[in-house]
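For reference, the structure discussed in these notes is given below.
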Protein chains: 2
Amino acid sequence: MAHLYTVIMAGGAGTRFWPASRHERPKQLLPLAGNGEEPLVTASVRRILPICPPDRVIVVTARHLVSAMREALPGLPAENFLCEPVARNTAPCIGWASATIRRRDPNALVMVLPADHFVADEAGFRDALLRAVEASKTTTIATIGITPTRAETGYGYIEKGEDSGAGVFGVRRFIEKPSFDRAEVFATSGRHLWNSGMFFFRVAEMDGLLRKHLPELSAGLDRMDRAAALGDEPAEIENVFPTLPSISIDHGVMEKADRVSVVPGSFGWSDIGSWQTSWELANKDSDGNAAPESAVLIDARGNLIRDLSEIGERRVVALVGVENLAVVVTDEAILVIPRSRAQDVKQVLAELKSKTR
Amino acid sequence: MAHLYTVIMAGGAGTRFWPASRHERPKQLLPLAGNGEEPLVTASVRRILPICPPDRVIVVTARHLVSAMREALPGLPAENFLCEPVARNTAPCIGWASATIRRRDPNALVMVLPADHFVADEAGFRDALLRAVEASKTTTIATIGITPTRAETGYGYIEKGEDSGAGVFGVRRFIEKPSFDRAEVFATSGRHLWNSGMFFFRVAEMDGLLRKHLPELSAGLDRMDRAAALGDEPAEIENVFPTLPSISIDHGVMEKADRVSVVPGSFGWSDIGSWQTSWELANKDSDGNAAPESAVLIDARGNLIRDLSEIGERRVVALVGVENLAVVVTDEAILVIPRSRAQDVKQVLAELKSKTR
C-alpha cells in the first residue's frame, strides 16, 4: 500500500501583513483568521491530520524560521522539518521534499500544501484532497482548482478539460493572472478555476518529471541524495541548494507535463491577502469587531484589533467612536488604517525604507 | 528685602489623559504640549526660573511621585520636595509649604502655581506673576484671573472690582462654575475672569489668614512646625497630615479674606483638559499631525500620536488614511479615539472598572 505524505511549504516571506509580519515572523506564523490565536501554519497542519499522521507531515521552511515552526507545530518530529539554506522558489523545495520522502518510502504519495491559506469547510477540503490524491495515482500531477467566487486578477487560472469522473478533470490549459475583463468572464464561465498552489503526485513520478523538465535541478537533488546516503547531507545542502535553478513547480513542471488533472473545490478557501481579508475571516462580535476579549469597544464597529507585541496579552486596546479600522500592534510598530485601504500597507513600507536611507 | 519663593502644587491625580496618565504618572509628569517631550511640571518650573532661583522653588507632591518629580526637575535641591502622605486638597498643601518657607525666611513672598498648566506667552505670564507678587505686598492674597476666551462652564470665575493701578484690581466676588448662559455673559462682560488657581501672599499674612479662617488646620501645622524645630518633622507629618481638614484654599481662605486682589492676565493660558487640548497646544506638521519624527503618515490629517510605552522611542507608529484621531500608547493600554470625543475617555475607564469586577 502506498502511504500518503504531506509537504507543507512554509518558507515564504511577505509584506502585506506589516507590521505583524516580519523576517522572523512571516504570514504563516501569524494567527490571521478565526479567534486570532492559531497561527496559519498550525491550522494548515491541524486540518490534514485526520487524513495524514504527523510523522508523515514534512515542513519545508527557512533556517531562521525553524525554531518558530517547531513551536507552532509541537506534534511533528524534529527530523520532519527541512530547512532551505536559501529560498529557490517551489520546484527545488518540492523536488527536495519529494526526494527525501522517496528515500524513506519509494511508493509514497505526496500532497504539497501551502502553509498560509484559510479553509472554512475543512471536511469538504479533505474530501477534495483525497480525490486529488486518488487522481495522482494515475496521472503525472494532480492539483486542486478553486471555483471562483469573484473576478480576481491576482491569481493564475486553470481551465478544466474533460471529466474523468469522481470529481476529477483533465487540464485544458493554465492561464496567467488575467485582466479584469477576462477575470470577469472566468468568474462565471463554469470552466475556469483558481490555481491554489496545491500539488499531488507519486514520488517516483515527480522524480521522472524533474529529470525530464528540469534536469539541472535533478542533478543537484541527486548530489544531495548521494550525500544523504553517506550521512553527509547538511554540508551538501549548503553547497548545492544555492546553485539550484529558482523556478516554480507550475512553470517548471506542471505546465509542461502531460496528463495533469485538476479537482475543482469550493470549500471556503482564501489565501488571506490583506488585513481586510483577515478581518473577514475572523470571529467577530455583534458590532463586527474582531478584537481580543480584553479590548474596550465604545461606539466602535467593524474594527480589527491585533496586538502581537511581547506585552500584548497584558495590554488593553480601547477604541472609541471609530469604524472599520485595522489596528495592529507589535513591538516594532503600530498601524492604524481603514480596512478598505489595507493594500496601502506597502506605501508605509516604502516610506519606512526611504526614511531609513 | 523680601525674597520670592515659588510653590509648585504637583500632587494631583487625574483620569482625562488615560491611558497616558496613571497613578504613578499623573498629568503633570506628561509631555502634553509643544513637541511632546517636556513634562508639564518641567515647563512649569522652567517658565518661572527667570524670576525665582531654583533653590527657592518648592514642589509639593505625593510620596509615590517624588522620585519621578526629582527626575523631571533635576535642577532643584532634594530638600525642596515636600511629600504629602495623603492628599488633603490645597489649603493644607499651601499652609504646609508656607510654614516651611516661613521657618527659612519669615519675610518671604510666595507664589503658588499649578504644575500642569500651559502658557503660550511666557514673558507675559512672568509679567503678570510679578504684578501679583507686588500686589501681595499690600493685600492679604493676590491671584491671577485669566481673561476668558470662550464661554467656559468648567471653571470658577472672579468678578473684578475697583482698579488699584499697575494692572491690579480688587475682587468683587468669586463665582462657582456657571451655567452655559451665564458663562456666555461672563465671556464678554469685560469684568469676569477665570480662576486660575494661582495664589500670591506673604508667609506671615498666610499664617494669620489660616489662624483666622482655618484654626484646625493652623493647629496641625503648628504641631508639624514644633516637630520640625526638634528635628522630628517626618514622623509628625505622618501623624498630623491625615487629620488636617480637606479643603481648598479658595473656599477655606481666599473667598473669606478681605482685600484680595486680582491681576487680569491673557498670556495664552490653558489647563489642558483633554487630548483635544493637548493636540491644540502641540507642535504640528503642515497636515496638522502632532506626531513623533519617526511616525509614518500617509493621507493622515489632524492626528495626535503619543507613544509613552517603555519601547515607544524605538517604535514606529503608522497612520494611513485617518483624520483627527488621538492615538495614545502605553505599556498598559492603547487608545484610538477621535479628538472630538476626547471627553469620552471616562467611558473607557468606567468600562474597564466594570470588566475588572
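For residues in segment B:227-247 being crowded, with 16+ Cβ neighbours inside 10 Å and not acidic (D, E), which is nearest to B:R191 (Cα to Cα)? It comes out as B:I247. The criterion of being in contact (Cβ under 8 Å) with a residue 40 or more places away in the chain and either within 11 Å of chain B (Cβ to nearest Cβ) or surrounded by fewer than 16 Cβ atoms within 10 Å (Cβ to Cβ) (or both) holds for A:K256.
Of the listed requirements (1) under 26 Å from the mean Cα position of the chain (by Cα); (2) surrounded by 17 or more Cβ atoms within 10 Å (Cβ to Cβ), B:I298 misses just one: (1).
Given (1) within 22 Å of B:R103 (Cα to Cα); (2) under 14 Å from the mean Cα position of the chain (by Cα), identify the lone condition not met by B:P54. Evaluating B:P54 over (1) within 22 Å of B:R103 (Cα to Cα); (2) under 14 Å from the mean Cα position of the chain (by Cα) leaves (2) as the failure.
Conditions (1) among the small types (G, A, S); (2) at pLDDT below 95; (3) closer than 22 Å to B:I8 by Cα, marked per residue:
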| residue | (1), (2), (3) |
| --- | --- |
| B:G156 | yes, no, yes |
| B:E162 | no, no, no |
| B:A166 | yes, yes, no |
| B:G170 | yes, no, no |
| B:S179 | yes, no, no |
| B:S189 | yes, no, no |
| B:V203 | no, no, yes |
| B:H213 | no, no, no |
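When segment B:209-226 is filtered for residues that are surrounded by 15 or more Cβ atoms within 10 Å (Cβ to Cβ) and either under 23 Å from B:V133 (Cβ atoms) or touching a Gly at 6+ places or on another chain (Cβ under 7 Å) (or both), the ones remaining, listed by number, are B:L209, B:L210, B:H213, B:L214, B:L217, B:L221. Only one of the numbered conditions (1) away from every other protein chain (no Cβ under 14 Å); (2) out of contact with any helix residue (DSSP H, G or I) (no Cβ under 6 Å at 6 or more places or on another chain) is not met by B:P19, and that is (1). Between A:T143, A:T138, A:T149, the distinction of being within 27 Å of A:A2 (Cα to Cα), exposed (fewer than 14 other Cβ atoms within 10 Å of the Cβ), in the same structural domain as A:L49 (by TED's automatic domain parsing) and not hydrophobic (A, V, I, L, M, F, W, C) belongs to A:T138 only. Being touching a helix residue (DSSP H, G or I) at 6+ places or on another chain (Cβ under 7 Å), under 24 Å from A:L49 (Cβ atoms), small (G, A, S) and at pLDDT 95 or above holds for only one residue in A:A115, A:A123, and it is A:A115. Tell me, which residue of segment A:5-43 that is under 23 Å from B:R315 (Cβ atoms) and among the polar types (S, T, N, Q) is surrounded by the most Cβ atoms within 10 Å (Cβ to Cβ)? Across segment A:5-43, the extreme among qualifying residues is A:S21. Taking the listed residues A:A72, A:A108, A:A78, A:A120, the one that is touching a Pro at 6+ places or on another chain (Cβ under 6 Å) and over 23 Å from A:H251 (Cβ atoms) is A:A72, with no other qualifying. Can you name every residue in segment A:268-284 that is in a loop (DSSP other than H, G, I, E, B) and acidic (D, E)? Scanning segment A:268-284 gives a single hit, A:D271.
Counting only residues that are in contact with a Lys or Arg (Cβ under 7 Å, 6 or more places away or on another chain) and among the charged types (D, E, K, R), which one in segment A:302-330 is surrounded by the most Cβ atoms within 10 Å (Cβ to Cβ)? That would be A:D307.
Applying the criterion of at least 2 residues that are touching a residue at least 24 places away in the same chain (Cβ under 8 Å), over 30 Å from B:P106 (Cβ atoms) and not aromatic (F, W, Y) to the strands (runs of 3 or more DSSP E) found wholly in segment B:143-253 leaves B:157-165, B:192-202. Counting only residues that are of a type in the set (K, R) and part of a loop (DSSP other than H, G, I, E, B), segment A:131-142 holds 1 of them. Does B:F201 count as assigned by TED's automatic domain parsing to the domain that holds B:R88, surrounded by fewer than 20 Cβ atoms within 10 Å (Cβ to Cβ) and of a type in the set (F, W, Y)? Taking the combined requirement at face value, the residue does not satisfy it.
The values are calculated or read from the model by the stated rules, or taken from the named source; none is laboratory data. Values in this document were obtained by computation on a predicted structure and should not be read as measured data. All Cβ positions, even for glycine, are placed from backbone atoms using ideal geometry, and neighbour counts span all protein chains on display.
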